[in-house]
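Working notes for the structure below.
The values are calculated or read from the model by the stated rules, or taken from the named source; none is laboratory data. Given the structure is predicted, the values throughout are model-derived calculations rather than measurements. In this analysis, Cβ positions are derived from the backbone assuming ideal geometry, glycine residues included, and neighbour counts consider all displayed protein chains.
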Amino acid sequence: MKALFYVALLSLSLVGCNVSTSNNKVNANDLDSMVTCARVIPSRFSGLSTDSLTYISGEDNVKMVLIPAGEFRMGSTSFDDAQPLHDVELSAFWMDEHEVTNAQFKAFVEATGYITIAERPLNPSDFPGVDPSMLVPGSAVFRAPKNIQGLNNYLQWWEYVPDANWRQPEGPNSSIIGKENHPVTQLAYQDAEEYAKWAGKRLPTEAEWEYAAKAGRHENETYYWGNEKKEDGKWLANIYQGEFPMHNTKEDGYETTAPVKSFPANAVGLYDMEGNVWEWCADLYRPDYYANSPKRNPTGPSDAYDPQEPGAIKRVQRGGSFLCNDQYCERYKAGSRGKGEVNSPTNNVGFRCVKDIK
């Protein structure tokens, strides 16, 4: 068990990182090129007028939304690694309207024979001193504990589960049957990147992701949709309600992932830009990157660095997941950043794709 715990500790290097308990106050400039669409829609529950939106169908037959070129204020004053606030200019691009689903990823695997990181044997040389018999394929799964001693040790609710992978996200007794329209999870960064290449797309930069998520909203909004968690008593995203991590009241209707498009789209027609699953972005993670980020089409730093885990190679993740809550993980809020070790899949991380306009 000690050896398996060691494997779990390595595999879970990302899990405790997307955490903050600060009060969030976000500053964001209007996106000039999107502002007309955004301002005429006062609520996420207001009907979108498709007359003002443009779509294409991607090579994986998924609807993509045109994100016009423009400028916006990137970052958040509530998170140290999302500062300083800075102006960013972006070229236009297409973005998947929702997260990549189990059905989409299954089609990719069937077409290519691709084997994900979580399904591959572990290399004993990467785990010196660990009994090779303990090094079995698997990944990290959230397990609600009966009791906890504080929130500092995330291994109280995360477990390395042998044979947990995208086909059975919670382990051998789980399945994606009946969940074909849920976002695919248990994917390492490389897995998401390979799917994107197959589909003729790529992963978004974190600047593109935030620009699309803000969708022309005004400054000082806590969430990408505004300042209130609920509207007319309805939850606006799939996050955690209740006492984390022991009791999820499922007020939003879901304990884990929700089918894509279960919650209202934002002003440009994108779904689940907050909650449901974290989404891989192309950028390597550094907490100090914003101080030197170029203004036009930033693509992230040339190397990764996380002072909490200096030796880990991490990429940015955005949007939060069904486990986000104000007691432990607030990084589903507007302008905030997540991060994940590139080879550490979990059952609350997925992705969506973008496509350049040629």
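Here are some residues: Ala291, Ala334. Which one is in contact with a strand residue (DSSP E or B) (Cβ under 6 Å, 6 or more places away or on another chain) and not aromatic (Phe, Trp, Tyr)?
Going through Ala291, Ala334 in turn, just one is in contact with a strand residue (DSSP E or B) (Cβ under 6 Å, 6 or more places away or on another chain) and not aromatic (Phe, Trp, Tyr): Ala334.
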Notebook entry, point to check: Which residues, taken from region 337-358, are assigned to a loop (DSSP other than H, G, I, E, B) and either closer than 23 Å to Leu66 by Cα or touching a strand residue (DSSP E or B) at 6+ places or on another chain (Cβ under 9 Å) (or both)?
Noted result: Arg337, Val342, Ser344, Pro345, Asn347, Asn348, Phe351, Arg352, Cys353, Ile357, Lys358
Checklist line | Answer residue from region 177-235, given it is closer than 24 Å to Asp163 by Cα, touching a helix residue (DSSP H, G or I) at 6+ places or on another chain (Cβ under 7 Å) and among the charged types (D, E, K, R) and is surrounded by the fewest Cβ atoms within 10 Å (Cβ to Cβ) among those | finding: Glu180
Notebook entry, point to check: Do we find that Ala258 is at pLDDT below 95, of a type in the set (A, V, I, L, M), under 19 Å from the mean Cα position of the chain (by Cα) and surrounded by 16 or more Cβ atoms within 10 Å (Cβ to Cβ) in this structure?
Noted result: no
Notebook entry, point to check: What number of residues within region 333-358 are out of contact with any helix residue (DSSP H, G or I) (no Cβ under 6 Å at 6 or more places or on another chain), crowded, with 23+ Cβ neighbours inside 10 Å and either of a type in the set (D, E, K, R) or over 24 Å from Phe105 (Cα atoms) (or both)?
Noted result: 5
Check: Among (1) under 20 Å from Tyr211 (Cβ atoms); (2) of a type outside the set (A, V, I, L, M); (3) crowded, with 24+ Cβ neighbours inside 10 Å; (4) modelled with pLDDT of 95 or more, which single condition is Arg286 missing?
Finding: (3)
Notebook entry, point to check: Counting only residues that are among the aromatic types (Phe, Trp, Tyr) and either loosely packed, with under 15 Cβ neighbours inside 10 Å or assigned to a strand (DSSP E or B) (or both), how many does region 130-157 have?
Noted result: 1
Next item on the list: Scan region 179-205 and report the pairs whose first residue is of a type in the set (Asp, Glu) and whose second residue is modelled with pLDDT of 95 or more, with Cβ atoms within less than 7 Å and a gap of 6+ or a chain change.
Entry: Glu180/Thr101; Glu180/Asn102; Glu180/Ala103; Asp191/Thr116; Asp191/Ile117; Glu193/Leu203; Glu194/Tyr114
Next item on the list: Pairs only if they're at least six apart or on different chains, beta carbon under 6 angstrom, first in region 220-245 and under 16 Å from Ser262 (Cβ atoms) and at pLDDT 95 or above, second assigned to a loop (DSSP other than H, G, I, E, B) and among the polar types (S, T, N, Q); list them, first residue then second.
Entry: Asn238/Asn276; Gln241/Thr249
Next item on the list: From (1) in a loop (DSSP other than H, G, I, E, B); (2) under 17 Å from Val184 (Cβ atoms), pick out the condition that doesn't hold for Glu279.
Entry: (1)
Check: How about region 197-225: which of its residues are more than 15 Å from Arg318 (Cβ to Cβ) and either assigned to a helix (DSSP H, G or I) or of a type in the set (Asp, Glu) (or both)?
Finding: Lys197, Trp198, Glu219, Glu221
Notebook entry, point to check: Looking at Pro298, Pro294, which is the one that is on the phi < 0 side of the Ramachandran plot and exposed (fewer than 15 other Cβ atoms within 10 Å of the Cβ)?
Noted result: Pro294
Notebook entry, point to check: Out of all the residues in region 319-343, which are modelled with pLDDT of 95 or more and in contact with a Pro (Cβ under 8 Å, 6 or more places away or on another chain)?
Noted result: Leu323
Item checked: Residues (β-branched (Val, Ile, Thr) and under 12 Å from Pro345 (Cα atoms)) located in region 143-198 -> Val161, Val184, Thr185
